[in-house]
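Only one structure is covered here, and it is reproduced in the block below.
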Amino acid sequence: MVKVTLMKRFLHYSLQLKNIAFSLLLLAGAIALYLLANLYPLHWDATRNASNSLTSSSIDILKQLPGKLNITMYANSKDAELGDIELFVRDFIGLYQRYKTDITLTFVDPVKDAEAMRKAQIRANREMIVEYAGRTEHLTLLNEQSLTSALLRLAHTKNQKLMYVDGHGERKLDGPANHDLGDFGKKLRQNGFQIASLNLALAQDVPGNGSVLVITQPQIRLLPGEVDKILRYVDNGGNLLWLLDAEPLHGLERLAAKLGILLTPGIVTDPDAQKMNAPDYWTLGASYPPHPITANFNLITAFPYARALGREDSSGQADNEDSDTGKKWQRSTLVEAASNGWVSRASIPRKSRFDKNRDIPGPFSLAIALERSIEAHQQRIVVVGSGAFLANAYVGNGGNLDLGINMVNWLTHEEHLITAQPRATLDNTITLSKNQLSVISIGFVIVLPLLLAVTGAALWWRRRS
């Protein structure tokens, strides 16, 4: 009897020890998983708009911001539209804090602290101030596109000024017409660039405080003196963005000769674009040779009325050498297109066929970059064979805007900011008319319950019978 009792106690204690050991192991495993989760956090966003994660462009921009970033939110703690505004903002800024841990977030109630609101020049509730390296940005919209754009502006190391030649019917960087570049200019201003027009007939010379000179297609001939000012600007090491159209150069032939660019008459025909139901006058860019402008760039671009950019090789002159300064250019192709296409001399190609006796076969360079060292300065020039590629009517196609911004960032020696531009999220809002809402309401409130009741009654009657 004593042996049986001892055996029972032994089994009882053994079972308790096993339970305690299992509990300790389970607790240790949970603690280990917790520590591993803190050291190596993993996130999976299953939402359609990826609203719980950042785009790669936002992450890249955060990497360009060494040092502390301060964000101050001026908002009431309770909001009629968003509810707990602090929780909403903390969750949103937390997406950025995953990749940049030294982001500090502060809340100020404009009702309780009106003096702080006045000093910060806050004009509305739910306004945010982003501060970095002594510079600030005010935001009234709270979404990834607006905040990342503000961070991109703050990432610029200095104020950059872009001047565009005006006075000859050129495309304007602040113009609203379809042929103007207003949307492109607006994006440049959002990214921290300053935009100004330049009338060469009035200016003594191209100002030296500009970072880039933008030339688009003139509609009337430039005076020889105006062209002289542009050539002096290039000789002195000025950076240039030249957007060409398949039209007469109106006095800029001397600039093309200086840069060693051979402009083939006619418009590029791209059968591959036509196979994708693109307009007949479009050429699609999908091949981007290695260059800082096109690094990791894999978006299709559209070039309406494209003009091929060839290389001019003159006898007695080194390849890509400026005949006036004797400085060699390093030439790179940025966009190569129309591998199965050709240059047609028709004004607008209309599903034409290749004529080996008249047309020039592809592929063609649609955009090129020139770079050289001059007076301890790296001079940079980009020439694009389609002025319409950044026009308001076409800039939203594919990666046109991204490529244009990349070009400007490279021209202003801000290539560390070259990245895909922040994009707006998809709209998931469903808008229903009153009739549609009535049909849905009647269906769920009346029709569906009646259907269930009839089905139940039929089953009951069958079982009873």
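Remark: residue 374 falls outside the filter, which requires a residue to be of a type in the set (A, V, I, L, M, F, W, C), modelled with pLDDT of 90 or more and more than 16 Å from residue 265 (Cα to Cα).
Evaluate the following for residue 210: is it under 30 Å from residue 135 (Cβ atoms) and of a type in the set (Gly, Ala, Ser)?
Details: under 30 Å from residue 135 (Cβ atoms): yes; of a type in the set (Gly, Ala, Ser): yes.
So residue 210 fits the description; yes.
Table: residues versus (1) polar (S, T, N, Q); (2) modelled with pLDDT under 80; (3) assigned by TED's automatic domain parsing to the domain that holds residue 191.
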residue: 387; (1), (2), (3): no, no, yes
residue: 406; (1), (2), (3): yes, no, yes
residue: 425; (1), (2), (3): yes, yes, no
residue: 435; (1), (2), (3): yes, yes, no
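Matching residues to (1) among the charged types (D, E, K, R); (2) more than 30 Å from residue 220 (Cβ to Cβ); (3) in the same structural domain as residue 388 (by TED's automatic domain parsing):
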site	(1), (2), (3)
131	yes, yes, no
136	no, yes, no
166	yes, no, yes
172	yes, no, yes
176	no, no, yes
184	no, no, yes
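With respect to the conditions (1) touching a strand residue (DSSP E or B) at 6+ places or on another chain (Cβ under 8 Å); (2) closer than 29 Å to residue 61 by Cβ; (3) at pLDDT 90 or above, residue 395 falls short on a single one, namely (1). Scanning the stretch 96-120 for residues that are without any contact (Cβ under 8 Å) to a residue 12 or more places away in the chain and not hydrophobic (A, V, I, L, M, F, W, C) yields a total of 7.
Determine which member of the set 221, 189 is at pLDDT below 90, in the same structural domain as residue 280 (by TED's automatic domain parsing) and of a type outside the set (S, T, N, Q).
189
Quick check on the stretch 264-280. Is at least one of its residues under 30 Å from residue 141 (Cβ atoms), modelled with pLDDT under 90, touching a Ser or Thr at 6+ places or on another chain (Cβ under 7 Å) and in a helix (DSSP H, G or I)? The answer is no; no qualifying residue exists. Scanning the stretch 136-177 for residues that are without any contact (Cβ under 8 Å) to a residue 24 or more places away in the chain and hydrophobic (A, V, I, L, M, F, W, C) returns 139, 141, 150. Residues in the stretch 147-165 that are buried (at least 17 other Cβ atoms within 10 Å of the Cβ) and of a type in the set (S, T, N, Q) were compared, and the one that is nearest to residue 58 (Cα to Cα) is 148. For the stretch 176-194, a residue qualifies if it is among the hydrophobic types (A, V, I, L, M, F, W, C) and in contact with a Lys or Arg (Cβ under 6 Å, 6 or more places away or on another chain), and exactly one does: 181.
Each row is one residue, and each column tells you yes or no for (1) under 17 Å from residue 404 (Cβ atoms); (2) crowded, with 20+ Cβ neighbours inside 10 Å; (3) not assigned by TED's automatic domain parsing to the domain that holds residue 401.
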position	(1), (2), (3)
246	no, yes, no
269	no, yes, no
280	no, no, no
289	no, no, no
302	yes, yes, no
309	yes, yes, no
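For the stretch 382-407, a tally of residues being crowded, with 23+ Cβ neighbours inside 10 Å and touching an Asp or Glu at 6+ places or on another chain (Cβ under 8 Å) returns 4. Among residues of the stretch 79-108 being surrounded by fewer than 16 Cβ atoms within 10 Å (Cβ to Cβ) and more than 29 Å from residue 66 (Cβ to Cβ), the one that is modelled with the highest pLDDT is 87. Among the candidates 212, 206, the residue that is of a type in the set (Val, Ile, Thr) and under 25 Å from the mean Cα position of the chain (by Cα) is uniquely 212.
The values are calculated or read from the model by the stated rules, or taken from the named source; none is laboratory data. Predicted model only: the values in this text are computed from it and were never measured. Using ideal geometry, Cβ is built from the backbone for each residue, glycine included, and neighbour counts are taken over all protein chains shown.
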